[in-house]
Amino acid sequence: MPEDVPDVVDFAEEAADVLGPLPPKLPTHNLANSEPSTGAPTVLPPRYAESESSPQRQSMSEATRSESGYMDKDVKNYLKFHFRGTVYRHYPVHKFISQVWKLDIDELLSGLEDIEITLDHYKAYVDSKWAKVLSADKKELRTEGLAARAFTNLWNHIASQMPVSDAHDGLSFFNMEEKTVIGTFAMYKPDFLSGPWALGQKPDWLTTGDAAEMKKRLLQQKNRDLFMKVAQTRITPQQIRAAYLGKDVVSATIPTSKRKASEFSEEDGDDLPEPSSPTDDRRADPSYSPTPSSKAPKRAKKTHAALDKKMTFVEGDASVWTEPDNGATGSELSGPELQIAKYLNELISHGVRTYATGFLIQDYMMKLWYADRMGLVHTISFDMFREPWFLILVIAAHRYGTSHDFGLNPFVHLQDDTRILKDYNDATIILPSAISATLPPPAASVADKKAFDDGKPTSSGMSFKVELDEGRSINTAYGTVGRGTSVVPAAAVGDATKLCGSGRLVVKLSSPLESRKAEDQLIRVIRRTLNDRGDTSRYLKHIVDLKCSFSCDMDDEILSLPRSRMARSVEPDLRRCFRVLVMPEYLPLERLSTPEELHKIMSDVVTGHHWVFVTSNILHCDVSHGNIMFYYEVVDGVKTVVGVMTDWDLAALLEGDGVMVLDSEAPLPQQESQGSQSVHVSTSQADKKVLKEVELELGADEDPQRARARYRTGTGPFMAVDLLETGAAPRHQYRHDLESFFWVLVWFCAVFNPDTHRVGMIPSWHRRNLVDVGTVKRAFLEQEDYLKQVFAKTHPSFERFTETTIYYLRENFCNVNEESHKAKQRIGRYFGWKAKLGKDRNAKRNMKESLREVIEARKHLRDMITYEHFMAHLGRVVAEDEDPSDDDDDDDDDGEALV
């Protein structure tokens with residue numbers, strides 16, 4: 001990078017550092033008024049499992065000035081919510097360097113002489129600042145670039161003293177100078193990036209190594225002079241090795257300055273602070289004042305007392321230094337932490353990564369950051385002037401590290417002798433082993449079928465070449481915490497063709513919770529069960545055709561996940577595994593062309609879904625636009641579409657017959673005081689089964705394993721309204737999946753443009769607060785005006801869906817929603833009487849009556865919308881020569897369920 005620094009650098013464009021509403025492929029569907037007339041509650045329901053949606057915003061009018069930089073307030077709120085409770089603080093610096101970046105100290109020290117850092121490089125950084133100043137023409141100019149360029153020069157000066165071969169292929173360190181990084185989701189401008197690009201190339205998130213952020217104030221002159229006096233200008237290999245091993249490091253300038261060996265021994269991982277501890281930025285932030293809950297690990301005392309006291313800065317700098325945390329706990333992010341978290345979140349949302357890293361500079365302190373699908377980890381801060389051996393190790397990790405050391409998935413293999421990822425087209429995904437999904441014959445033994453369901457690796461070294469031709473791309477879910485699903489277009493290579501064929505494939509890589517049933521196992525059970533029954537095997541083509549799979553735990557050495565070596569850095573129930581599924585490549589829903597194709601695809605997936613439920617009692621639980629796909633087949637010379645239901649990773653086995661009620665719907669004290677009492681009601685044999693299930697769900701004889709926390713699952717715009725209300729989440733039922741199919745149809749007809757094959761969005765349906773989403777969707781069911789707003793821009797060729805199928809189904813689900821509220825009221829009365837047992841002589845009789853009402857309400861609710869009802873309404877859109885005057889007569893034959 002150039003050594004010269006201009007006198008004035010215009011950084012006004014940082015105002016563009018905002019998050020777009022959706023990827024460029026998804027233009028916003030602007031309604032005349034996207035809000036219904038009803039007010040929206042502000043109570044946030046329990047965070048639903050596996051949310052992977054991105055934050056949404058409509059305009060720059062919402063952008064606000066943040067003291068951590070210019071950041072849209074929606075993005076800040078999203079980040080705070082997304083990482084809440086997942087921040088693990090104060091990891092030892094030397095462990096981060098060796099365990100996360102995997103720096104080989106012998107490679108660094110081989111042939112290394114003393115590292116010299118000139119006072120001129122230190123002074124250039126000390127005399128620069130991060131601040132806002134007003135120019136003569138009253139325009140705001142950012143001088144952050146002065147400090148950034150000084151630091152880049154310091155970095156390059158140190159790196160140039162580290163020996164490498166002429167053919168060395170490594171990451172380069174870039175001062176971004178307000179350049180926007182190319183990506184799918186947002187227009188971001190980190191201060192620094194490491195990557196493989198040559199000068200003049202545009203940086204992109206796909207091949208980025210890591211990212212960094214700087215916040216720097218200008219010290220008063222007397223403090224600057226003190227820093228120059230204690231700056232370490234010559235660092236020996238012995239000091240560097242000691243720092244790498246976590247041992248005492250003796251300062252050449254100040255002999256008594258050490259880091260305590262007891263703090264950084266190789267065995268100290270078991271005594272690390274809890275994740276809820278706040279940051280230890282006492283020297284970086286002079287406004288820091290300790291609280292009873294904010295104690296960090298002890299740090300070795302520094303020998304220059306003046307620098308360990310409150311530092312003074314040039315007047316005016318503090319106003320842009322940090323934003324108040326407003327009482328944020330140690331598990332939440334605030335101030336500059338949000339900025340580095342934003343970049344790590346963006347980095348891990350591109351390509352095929354298991355983790356992402358970066359660092360944050362605050363004045364003279366550096367803190368290293370790590371992100372994976374379980375949250376964030378950061379180190380103790382270190383002083384770059386008085387502890388430059390750590391800065392040298394950071395630079396060395398970047399100079400000698402590979403793309404895999406910075407988070408590239410270890411199963412993504414680069415070409416021979418290539419250390420750095422430059423293009424995914426040059427990569428191959430190699431699975432260490434694979435579980436075949438080739439179906440056993442229906443006549444196979446019970447033991448063989450069980451072995452197939454459970455899965456056992458039968459192949460090794462399966463290779464799949466990444467193919468990003470003809471506009472195909474890697475699609476990765478937005479967000480850090482969660483499954484982090486990446487779908488990679490590929491083709492089988494070598495022995496893999498025997499199992500997977502030679503056609504187009506996709507490799508799906510994800511990190512689900514270890515406690516969740518494996519998706520590949522669910523698919524094997526679903527497909528094997530359908531195949532066993534001769535009359536249902538024809539529906540196999542509507543269920544994703546799994547070819548093979550691979551699974552491992554987060555601790556598996558082959559995954560080489562740094563988190564596995566961080567003691568107690570994640571709660572046991574939040575641990576995630578790693579899974580790979582190989583499947584045929586299907587077409588997304590927006591690739592269809594006609595209403596007839598939409599009808600055929602929806603009929604196929606609803607039918608396939610129904611027979612999966614009938615044969616396996618498994619519900620999908622995440623029916624959404626992205627999970628409904630299709631392919632073309634030619635039958636008797638006629639080309640037709642075939643709908644396919646994909647993504648069964650949130651699927652679950654439904655226990656019972658669909659009338660169950662979540663036990664936690666009862667107030668906690670009532671459950672604790674009366675939860676073990678059962679009520680016996682004389683009823684029919686059929687209802688006794690229903691009664692048993694209702695009693696179990698209401699708290700009687702509750703199995704502790706079944707009483708564990710349950711979460712809402714799904715994607716907000718497509719979830720049933722019943723799942724988007726305050727209070728405990730009800731158990732997912734068949735009607736909830738049917739309602740999700742309805743919402744997919746509504747959404748698709750509202751935002752799809754068949755001329756461009758693009759879909760937009762309904763902004764108010766993509767909010768993070770699921771209660772708000774439920775409110776606007778309930779308005780769609782109840783308000784005619786809002787229905788017209790939603791369909792204001794529906795393409796003319798798809799309007800017949802809105803006038804027939806959607807209109808009738810809307811009435812059905814509106815009635816279902818009303819009955820659901822009535823059922824909840826009856827449940828409330830039941831618990832009310834149950835709480836009075838032993839206190840009111842009429843309580844037992846009234847409780848029995850309330851329980852009967854609960855049973856009847858649940859049975860009625862279950863029967864209000866069925867597969868047959870749904871398919872009948874779906875068929876209305878293609879009914880030939882339908883006479884509207886005959887509608888009422890037709891409905892009479894269908895009974896109460898049809899409107």
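Couple of notes before you dig in:
- Ranked by the mean number of other Cβ atoms within 10 Å of their residues, highest first, the peptides 75-86, 604-615, 466-477 fall in the order 604-615, 75-86, 466-477.
- Quarter the surface of the alpha carbon convex hull of segment 464-510 and you get the mean projected area, 3.6 square nanometres.
- Computed over segment 425-585, the percent of Cα pairs more than 22 Å apart is 47.
- The ASP555 and ASN617 beta-carbon pair, evaluated with R₀ = 22 Å, returns a calculated FRET efficiency of approximately 0.10.
- Dipole axis of segment 425-585 (+1 Lys, Arg; -1 Asp, Glu on Cβ), positive-most option in THR438, SER549, VAL507: THR438
- Residue pairs, from the table LYS450/LYS541; LYS129/LYS342; LYS465/LYS517; LYS342/LYS508; LYS450/LYS508; LYS508/LYS547, whose Cα atoms sit over 20 Å apart: LYS450/LYS541; LYS129/LYS342; LYS465/LYS517; LYS342/LYS508; LYS450/LYS508
- The smallest convex shape that holds all Cα atoms of segment 783-851, its convex hull, gives 93 Å³ per residue.
- Per the Kirkwood formula applied to alpha carbons, segment 481-565 shows a radius of gyration over Rh ratio, Rg over Rh, of 1.03.
- Segment ASP120-SER160, length gained on full extension (0.36 nm per residue, minus Cα span): 12.8 nm
- Largest-first ordering by accessible area, 1.4 Å probe, given options MET187, MET365: MET187, MET365
- Close amide H partners of LEU376, meaning residues 5 or more places away or on another chain with modelled amide H under 5 Å apart, are VAL87, TYR88.
- Calculated FRET value between SER537 and HIS860, using beta carbons and R₀ = 22 Å, to 0.05: 0.05
- Nitroxide proxy distance, nm - points 7 Å out along Cα→Cβ at ASP840 and GLN201: 7.4 nm
- Computed from backbone phi, the HN-Hα couplings of segment 755-761 come to 6, 9, 6, 10, 10, x, 8 Hz, rounded to whole numbers (Karplus: 6.51 cos²θ - 1.76 cosθ + 1.60, θ = phi - 60°; Gly and Pro given as x).
- Kirkwood Rh and Cα Rg combined as Rg over Rh, evaluated for segment 422-491: 1.11
- In terms of overall dimensions, the C-alpha atoms belonging to segment 586-648 reach 36, 24, 18 Å along their principal axes, ordered largest to smallest.
- Karplus 3J(HN,Hα) series, Hz, for segment 857-869 with 6.51 cos²θ - 1.76 cosθ + 1.60 (x for Gly, Pro): 5, 5, 5, 5, 5, 4, 8, 5, 9, 10, 4, 5, 4
- Length released on extending from LYS179 to HIS757, taking residue separation times 0.36 nm less the Cα-Cα span: 204.9 nm
- Separation in nanometres of the label points that stand 7 Å from Cα toward Cβ, at LYS498 and GLU633: 2.8 nm
- Residue-span extension gain [ASP573 to GLU799] - 0.36 nm each, minus C-alpha spacing: 76.7 nm
- Inter-label distance for ASP104 and ARG829, nm, one decimal - labels placed 7 Å from Cα along Cα-to-Cβ: 7.5 nm
The values are calculated or read from the model by the stated rules, or taken from the named source; none is laboratory data. Every value quoted in this text rests on a predicted model; they were computed, and no experiment measured them. Please note: Cβ atoms are built from the backbone with ideal geometry, for glycine as well, and neighbour counts cover all protein chains shown. Just the protein is used for accessible areas: all its heavy atoms, side chains included, with ligands, DNA and RNA removed. Shrake-Rupley method; radii C 1.70, N 1.55, O 1.52, S 1.80 Å.
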